[in-house]
Amino acid sequence: MTKWWMIRAGDHNELIPVWKDKGIASIGWPKLGNPKQYRTKDEMTAKANTVFAESKPNSRISWVSQVWRFSREIKKGDRVITYFREKREYMVGTVLEPHFYDDSVGDPAYPNNIKVDWEEITVERDSLSQAAKNSLGSVLTVFRVDEWGNEIENLIEHPFSSPEPIDDAEEDEIIEDLVSKATVMIQDKVDKLDPWQMQELVGGLLRAMEYNVQVSPKGPDGGVDVLAYKDAFGFEKPIIKVQVKHRKSSAGAPEIQQLLGANPIDANSLFVSTGGFTSQAEAVAKHNAVRLVDLEELVDLVVKWYENMPNDVRALLPLQKMYVPE
């Protein structure tokens with residue numbers, strides 16, 4: 001099966017003129033030097049950790065993977081596409097020569113090259129199916145797009161064909177998938193917080209809901225991690241006492257009972273457990289009107305109230321707003 005690759009033409013499509021003129025495709029990261037000097041990806045990663053020490057670890061891992069893939073996996077005969085943003089078109093080509101390192105061929109900031117025979121016919125983005133558009137929209141510099149090769153090839157042969165119209169149900173499914181993936185990523189980030197940061201997150205959430213909040217300092221807390229009041233002095237009810245358990249195991253019935261017995265006795269009880277709850281805990285909570293919140297619901301609440309949370313708490317969980325069509 002023919003391999004298909006998407007290769008981004010720089011940050012702003014600035015490489016497309018030189019690619020077409022020189023018959024190449026190229027990527028950067030010149031600080032790594034010639035990727036062929038590394039016998040293993042781990043060796044390249046060690047170099048990246050030195051020359052990109054100021055960058056995030058996950059970014060360094062991603063960059064190494066892309067350079068390794070470009071220099072080791074793209075072969076003669078593979079198909080390549082790149083997106084021309086200004087024209088909303090995809091250029092398509094065939095690899096004539098695999099990786100070579102030379103900063104004099106094109107842009108010196110992009111010294112990793114492959115020879116490509118770029119075709120005159122382009123593929124309009126609007127001609128692609130919605131699923132293809134979504135996949136090709138990845139922000140990675142180099143990635144495989146084999147599953148869309150036949151569709152792209154067909155549009156090269158029949159450039160005026162139109163995609164099947166997308167119905168509302170399919171569009172809703174795509175949006176739901178995007179939101180679901182984003183939610184899972186946030187859950188993973190929350191799960192990496194330590195227990196004290198989790199208390200601060202829950203406290204920040206209650207502040208966003210316009211409660212006055214006291215978060216217990218590190219050390220014994222008497223069964224209550226957070227207290228929340230509607231007024232500054234704590235006289236006005238409802239008062240909420242909160243226990244936060246951040247661990248893999250489920251919270252049990254005795255822990256619910258401990259929260260109920262903690263002062264203030266007459267306060268409403270909220271129990272947050274990222275590991276969920278046992279069935280016995282749920283039964284005790286239901287009988288005593290204890291509000292239970294697991295990891296999934298906690299993240300839903302954080303997303304809903306995020307913009308109202310204090311800046312220092314948002315710094316524990318940096319999020320970006322993303323808009324999707326209604």
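Scanning region 250-259 turns up no residue that is under 19 Å from residue 183 (Cβ atoms), assigned by TED's automatic domain parsing to the domain that holds residue 208, surrounded by 16 or more Cβ atoms within 10 Å (Cβ to Cβ) and among the hydroxyl-bearing types (Ser, Thr, Tyr). Checking every residue in region 92-106 against the condition of being modelled with pLDDT of 95 or more and closer than 19 Å to residue 12 by Cα gives at least one match. Summed over region 229-249, residues that are buried (at least 17 other Cβ atoms within 10 Å of the Cβ) and either of a type in the set (D, E, K, R) or free of Cβ contacts under 8 Å to residues at least 24 places away in the same chain (or both) total 3. Condition check for residue 241 on (1) in the same structural domain as residue 201 (by TED's automatic domain parsing); (2) among the basic types (Lys, Arg); (3) under 21 Å from residue 193 (Cα atoms): one failure, at (3).
Rundown of residues vs (1) of a type outside the set (S, T, N, Q); (2) surrounded by fewer than 20 Cβ atoms within 10 Å (Cβ to Cβ); (3) within 22 Å of residue 66 (Cα to Cα); (4) touching a residue at least 60 places away in the same chain (Cβ under 8 Å), yes/no style:
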residue: 88; (1), (2), (3), (4): yes, yes, no, no
residue: 113; (1), (2), (3), (4): no, no, yes, yes
residue: 131; (1), (2), (3), (4): yes, yes, no, no
residue: 137; (1), (2), (3), (4): yes, yes, yes, no
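Residue 188 versus (1) within 20 Å of the chain's Cα centre (by Cα); (2) at pLDDT 90 or above; (3) assigned to a helix (DSSP H, G or I); (4) surrounded by 13 or more Cβ atoms within 10 Å (Cβ to Cβ): which is the lone unmet condition? With respect to (1) within 20 Å of the chain's Cα centre (by Cα); (2) at pLDDT 90 or above; (3) assigned to a helix (DSSP H, G or I); (4) surrounded by 13 or more Cβ atoms within 10 Å (Cβ to Cβ), residue 188 is out only on (4).
The values are calculated or read from the model by the stated rules, or taken from the named source; none is laboratory data. Keep in mind it's a predicted model, so treat the numbers as computed, not measured. Counting neighbours? That spans all protein chains shown, and the Cβs are built from the backbone with ideal geometry, glycine included.
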